[in-house]
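Enquirer: Input: one structure, supplied below.
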Amino acid sequence: MFDLDDPHPGVYHLLANELALLDADPPRHATTHNALAFRLKLLLAAGFTPQLAACASCGEIEHLSSFSGAAGGVVCSACEANAFPFSQAALDFLVGAVGAPLAAAPAAPPRALQQAERAILSALEHHAHLRLRGVGARSVP
């Protein structure tokens, strides 16, 4: 993902911000929302930006109902083969998390956070060509 010989100041600052949030007393911003926003931003820094604005397969901007790591992001109901259900709340979370600082990661219902985590993991697995074990949104404070 990252060439070890080249500096990555953006990734360094992202990690430093995440560690600062985890180290805060009390850790007000160290939430599931924040942890998922961190993972998403790390995925983006690696150049694996999932398509969130339109169907990754056909370009449709409506009826985005699923997510496919293999397709590269959200997909419409016509292109949802080999995709998993993805709610509007999960999509809203990912879009909000991309644009917000880590400490201001948007809130979302638990089911939407689980879907967002699955989407991030699915995108990473597709690009890395390997299967990862999920941390689980419920395990993060």
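All of the numbers you see were taken from the coordinates with simple rules; none came from a lab. Note that the structure is a prediction, hence the values are computed from the model and not measured. Virtual Cβ from ideal backbone geometry, glycine too; neighbours counted across all protein chains shown.
Enquirer: Looking only at residues that are closer than 16 Å to Ala90 by Cα and among the hydroxyl-bearing types (Ser, Thr, Tyr) in the range 50-76, which one is surrounded by the fewest Cβ atoms within 10 Å (Cβ to Cβ)?
Expert: Here the answer is Ser65.
Enquirer: Give the residue that is nearest to Glu117 (Cα to Cα), with candidates limited to residues of the range 61-77 that are in a loop (DSSP other than H, G, I, E, B) and touching a residue at least 12 places away in the same chain (Cβ under 8 Å).
Expert: Just the residues of the range 61-77 that are in a loop (DSSP other than H, G, I, E, B), to begin with: 61-63, 69-72.
Okay, now just the ones that are also touching a residue at least 12 places away in the same chain (Cβ under 8 Å), so 62-63, 69-72.
Numbers: Glu62: 22, His63: 21, Gly69: 12, Ala70: 16, Ala71: 17, Gly72: 15 Å.
Ranking the candidates gives Gly69 first.
Enquirer: So, one more: Could you count how many residues in the range 78-87 are surrounded by fewer than 16 Cβ atoms within 10 Å (Cβ to Cβ) and either within 14 Å of the chain's Cα centre (by Cα) or not in a helix (DSSP H, G or I) (or both)? Reasoning before the result, please.
Expert: Here is the first cut: in the range 78-87, the ones surrounded by fewer than 16 Cβ atoms within 10 Å (Cβ to Cβ) are 78, 81-82, 84-85.
Still in the running and either within 14 Å of the chain's Cα centre (by Cα) or not in a helix (DSSP H, G or I) (or both): 81-82, 84-85.
Residues meeting the conditions: 4.
Enquirer: Which residues, counting only those in the range 10-68, are farther than 18 Å from Gly96 by Cα and touching a Ser or Thr at 6+ places or on another chain (Cβ under 6 Å)?
Expert: Selection gives His63 alone.
Here is a yes/no grid of residues against (1) assigned to a helix (DSSP H, G or I); (2) farther than 24 Å from His13 by Cα; (3) free of Cβ contacts under 8 Å to residues at least 40 places away in the same chain:
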| position | (1), (2), (3) |
| --- | --- |
| Leu42 | yes, no, yes |
| Cys55 | no, yes, yes |
| Gly59 | no, yes, yes |
| Leu94 | yes, no, no |
| Arg111 | yes, yes, yes |
| Gln114 | yes, yes, yes |
| Arg118 | yes, yes, no |
| Ala123 | yes, no, no |
| Arg131 | no, yes, yes |
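Enquirer: Just the residues that are of a type in the set (Gly, Ala, Ser) and in a loop (DSSP other than H, G, I, E, B), please, taken from the range 6-40. Before you say what the answer is, go through the steps one by one.
Expert: The initial filter retains those residues of the range 6-40 that are of a type in the set (Gly, Ala, Ser), namely 10, 16, 20, 24, 30, 35, 37.
Those that are of a type in the set (Gly, Ala, Ser) and in a loop (DSSP other than H, G, I, E, B): Ala24, Ala30.
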